[in-house]
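Colleague: Okay, handing you the structure first.
The values are calculated or read from the model by the stated rules, or taken from the named source; none is laboratory data. Model, not experiment: these values are computed from the prediction. With ideal geometry, Cβ positions are generated from the backbone for all residues, glycine too; neighbour counts draw on all protein chains shown. Just so you know, the surface numbers come from the protein's heavy atoms only, side chains and all, with ligands and any DNA or RNA stripped out. Shrake-Rupley method; radii C 1.70, N 1.55, O 1.52, S 1.80 Å.
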Amino acid sequence: MEHHRLASLQLRCAHCGYQEPFDRALERCPRCEGDWLDVLYDYEGIAGAWPEVLRDRPFDMWRYWELLPLRDDANRVTMGEGGTPLLHAINLGMMLSAPYIYVKDERQGPTGSFKDRQASLSISVMKELGVTEAVVASTGNVAISYSAYSALAGIKLWAFLTSLVPPEKMREVAIYGTEVVKVTGTYDQTKRVAAEFARRQGLYLDRGIRSIAARESMKTVAFEIAEQLPLFLGSGSTPWRAPDWYIQSVSGGMGPVGVWKGYQELVQMGLVDRMPRLACIQARGCAPMVWSFEKGLEEAEPVLQPRTRVITVATGSPGPAYAFLARVVREHGGAFEAISDGETFRAMHVMAKLDGLSMEPAAALAFAGLFKLLSKGVIRRDEVVVVNCSGHTFPVEKHLLGEEWARTVELPAETPAIEEGLLGSLEQLDRSVRRVAILEDDPSAVRLLRRILQACGDYQIFVAHDGRAGLEMIRRERPDVVLLDLMMPEVDGFAVLDALRADEELAGTPVIVVTAKELTTDEWARLSEQSQMLLQKGAFTDEELLREILGALEGKGE
Ligand SMILES: *Cc1c(COP(=O)(O)O)cnc(C)c1O
Ligand SMILES: [Zn+2]
């Protein structure tokens, strides 16, 4: 596989312009403490190579790897994200006398929303940083997508969702084995609870729009549209083509911010000849960007009590994206528009009936925005418009999950100072963590064991790849239970067992032997003498493993 030429990448602070080579994971600018850092690439080199080398690559998000900030391709966590179709909305176009309406069908991502791009890149970066447990706050789709990619990467995920998120979305998060925490409050409050939880537990916190990976992933929407449009419209003086308008329903604003950067890079590389205008559509009951823009504000005025049924886009406090997008719309044209829930649900029906596109309300919101901007004459009927059809919900049926698949954090209803309620609420999350040591030299076996444990209960996992390191780890970490492979280099599992039994303090630690070895009668005798539980690799289910572990833990408690 190819490897990135990181030497040529630079990190630049959007606030003060400070720049340094992109070879360490910075969250803040070392000069001004600003938390918006951009990556700059070797555009000249890439522009020369691109259209040509791209021809031989699969049509997915990773075809653009030269402009994505992952250090080593071996860390990619991927399941076919990106590369979604661009569809011509023929019937809608006929009805509206607007013949150039195209739909970027992001429903077709692995978990059904354009968050799959963000998840793939962000989880890949987490893997690269060695993260094994992470926290994310979400209005639904980020949690769903991160859950799927975390499962694949072997990362344990804590998803904090407002209790307003529709139950079918919550269940979709839970089915991936994520720890679901429902917070009875707004999304903005939920974000703060999540951040505080991550801080207290020392866990990696996803930084939302402040994360480089998240914003950079969204550029790939722009790249793909630019490559796809010429298939319909031909290209002009440049190989690729930008639309006149990019329309998206907007919550935190990650999509349009990333898409804008994507087109800027394409213009800089001479691959398209213009920037599109951005139309940011918000739900009327939670439209802080729209109201702030109408008032001419530089910073967004938050909506403290969102009132919309489109929870996916109910971000009351849009943070730094607003300042960015407001400047873009002011300088380049574009629009902010608010849409009622009634109009959104009508658009949902229209798109399904006319062009066969059934989508979730958050996606329909963008189409309702298109209808309104056309009727106001803001968008002309002969312009080329791409609407991001951002998502669709998979119905996870109720009976699939038992009763207790989520934890709840109750925020006090009247909270002038949310911090006061916060500490109390977090105590509801106090964890009874069980410590498990895995001694295993085969990385794929470790990954499976780790994943089974992560997806069911709260386990802290320690891993060693040979017997000697394993014994040191057991002495240091004092696990509640040990999962032991028999065949390891140098000090094998039998020797580890002997050493444990000979150590007064460790002799009582329960050990579950997980092995692929065909045991001789002699070995059987040795193991059963030490009354070990034994699982044959490739011949046990996740349930059997968990039953053994719980059994071992109970036995220890006696
Ligand atoms: C996240 C999301 C949005 C809003 O995206 P932002 O660019 O982060 O504002 C819109 N629609 C769907 C379906 C989403 O999942
Ligand atoms: Zn700075």
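Colleague: Consider T186 carefully, then state whether it is of a type outside the set (F, W, Y), at pLDDT below 95, open to solvent by 10 Å² or more (accessible area, probe 1.4 Å) and farther than 30 Å from D73 by Cα.
Modeller: For T186, the condition - of a type outside the set (F, W, Y), at pLDDT below 95, open to solvent by 10 Å² or more (accessible area, probe 1.4 Å) and farther than 30 Å from D73 by Cα - is met.
Colleague: Look at R277 and say whether it is touching a Lys or Arg at 6+ places or on another chain (Cβ under 9 Å) and open to solvent by 10 Å² or more (accessible area, probe 1.4 Å).
Modeller: no
Colleague: Looking for whichever is outside the structural domain of K169 (by TED's automatic domain parsing), in contact with a strand residue (DSSP E or B) (Cβ under 6 Å, 6 or more places away or on another chain), in a helix (DSSP H, G or I) and closer than 18 Å to Q248 by Cβ here; the options are A338, A363, A347. Which one fits?
Modeller: Among A338, A363, A347, only A363 is outside the structural domain of K169 (by TED's automatic domain parsing), in contact with a strand residue (DSSP E or B) (Cβ under 6 Å, 6 or more places away or on another chain), in a helix (DSSP H, G or I) and closer than 18 Å to Q248 by Cβ.
Colleague: How about the stretch 396-417: which of its residues are modelled with pLDDT under 75, open to solvent by less than 70 Å² (accessible area, probe 1.4 Å) and out of contact with any Asp or Glu (no Cβ under 9 Å at 6 or more places or on another chain)?
Modeller: If the condition is that a residue be modelled with pLDDT under 75, open to solvent by less than 70 Å² (accessible area, probe 1.4 Å) and out of contact with any Asp or Glu (no Cβ under 9 Å at 6 or more places or on another chain), then G402, T415, A417 are the ones that fit.
Colleague: Quick check on D73: is it within 16 Å of ligand 2 (Cβ to nearest atom), open to solvent by less than 40 Å² (accessible area, probe 1.4 Å) and touching a residue at least 60 places away in the same chain (Cβ under 8 Å)?
Modeller: In short, no.
Colleague: Going through G140, G177 one at a time, which residue ends up being at pLDDT below 95, away from ligand 2 (no atom under 16 Å from the Cβ) and under 13 Å from the mean Cα position of the chain (by Cα)?
Modeller: Matching residue, one of G140, G177: G140.
Colleague: Please tell me if V77 is within 14 Å of the chain's Cα centre (by Cα), in a helix (DSSP H, G or I) and of a type outside the set (S, T, N, Q).
Modeller: no
Colleague: Here's something else I'd like to know. So the check is Cβ under 9 Å with 6+ separation or different chains; which pairs have a first residue in the stretch 249-273 that's open to solvent by 10 Å² or more (accessible area, probe 1.4 Å) and a second one that's within 16 Å of ligand 2 (Cβ to nearest atom)?
Modeller: If the second residue must be within 16 Å of ligand 2 (Cβ to nearest atom), the pairs left are K261/D38.
Colleague: Which residue, of V481, V513, is in contact (Cβ under 8 Å) with a residue 60 or more places away in the chain, open to solvent by less than 40 Å² (accessible area, probe 1.4 Å) and closer than 21 Å to G551 by Cα?
Modeller: V481
Colleague: Checking K261 against (1) closer than 28 Å to G377 by Cβ; (2) part of a helix (DSSP H, G or I); (3) within 16 Å of ligand 1 (Cβ to nearest atom), which test does it fail?
Modeller: Just one mismatch for K261, condition (1).
Colleague: Here is a follow-up. In the stretch 191-203, is there at least one residue being part of a helix (DSSP H, G or I), within 16 Å of ligand 1 (Cβ to nearest atom), open to solvent by less than 40 Å² (accessible area, probe 1.4 Å) and charged (D, E, K, R)?
Modeller: Within the stretch 191-203, none of the residues are part of a helix (DSSP H, G or I), within 16 Å of ligand 1 (Cβ to nearest atom), open to solvent by less than 40 Å² (accessible area, probe 1.4 Å) and charged (D, E, K, R).
Colleague: Could you identify the single residue in E518, E523 that is assigned to a loop (DSSP other than H, G, I, E, B) and either modelled with pLDDT under 90 or more than 24 Å from S150 (Cβ to Cβ) (or both)?
Modeller: One residue alone meets the criteria, E518.
Colleague: Still on this structure: Give the residues of the stretch 154-169 that are surrounded by 22 or more Cβ atoms within 10 Å (Cβ to Cβ) and outside any loop (DSSP other than H, G, I, E, B), sorted by residue number.
Modeller: K156, L157, W158, A159, F160, L161, T162, K169
Colleague: Test of understanding: among E52, E44, E2, E27, which residue is within 16 Å of ligand 2 (Cβ to nearest atom), at pLDDT below 95, of a type outside the set (A, V, I, L, M) and surrounded by fewer than 16 Cβ atoms within 10 Å (Cβ to Cβ)?
Modeller: E27
Colleague: Also, I was wondering about something else. Going by the conditions given, is E81 within 16 Å of ligand 1 (Cβ to nearest atom) and open to solvent by less than 40 Å² (accessible area, probe 1.4 Å)?
Modeller: Yes, satisfied.
Colleague: Just to be sure I understand, how many residues within the stretch 5-24 are among the hydrophobic types (A, V, I, L, M, F, W, C) and either within 16 Å of ligand 1 (Cβ to nearest atom) or modelled with pLDDT under 85 (or both)?
Modeller: 2
Colleague: To continue, here is another question. What pairs come up if the first residue lies in the stretch 489-505 and is without any contact (Cβ under 8 Å) to a residue 40 or more places away in the chain, the second is part of a helix (DSSP H, G or I) and among the hydrophobic types (A, V, I, L, M, F, W, C), and their beta carbons are under 6 Å apart, counting only those six or more places apart or on different chains?
Modeller: A499/L471
Colleague: Let me ask you something else. Go through the stretch 92-146 and count every residue that is open to solvent by less than 20 Å² (accessible area, probe 1.4 Å), more than 17 Å from K169 (Cα to Cα) and without any contact (Cβ under 8 Å) to a residue 60 or more places away in the chain.
Modeller: Qualifying residue count for the region: 2.
Colleague: For the stretch 298-325, give me each residue that is surrounded by fewer than 23 Cβ atoms within 10 Å (Cβ to Cβ), closer than 19 Å to L278 by Cβ and in contact with a helix residue (DSSP H, G or I) (Cβ under 7 Å, 6 or more places away or on another chain).
Modeller: E298, E299, G319, P320, F324
Colleague: Right, another one. Can you tell me which residue is modelled with the highest pLDDT among those in the stretch 419-462 that are touching a Pro at 6+ places or on another chain (Cβ under 9 Å) and assigned to a helix (DSSP H, G or I)?
Modeller: Among them, the one singled out is S425.
Colleague: Here is a follow-up. Go through (1) open to solvent by 10 Å² or more (accessible area, probe 1.4 Å); (2) over 24 Å from Q118 (Cα atoms) and name the single condition S292 misses.
Modeller: (1)
Colleague: Same structure again: Which of the residues belonging to the stretch 233-248 are open to solvent by 10 Å² or more (accessible area, probe 1.4 Å) and either part of a loop (DSSP other than H, G, I, E, B) or within 16 Å of ligand 2 (Cβ to nearest atom) (or both)?
Modeller: Within the stretch 233-248, G234, S235, G236, S237, T238, P239, W240, R241, D244 meet the criteria.
Colleague: Any residue in the stretch 486-495 that is touching a strand residue (DSSP E or B) at 6+ places or on another chain (Cβ under 9 Å), among the aromatic types (F, W, Y) and not assigned by TED's automatic domain parsing to the domain that holds V131?
Modeller: For the stretch 486-495, residues touching a strand residue (DSSP E or B) at 6+ places or on another chain (Cβ under 9 Å), among the aromatic types (F, W, Y) and not assigned by TED's automatic domain parsing to the domain that holds V131: absent.
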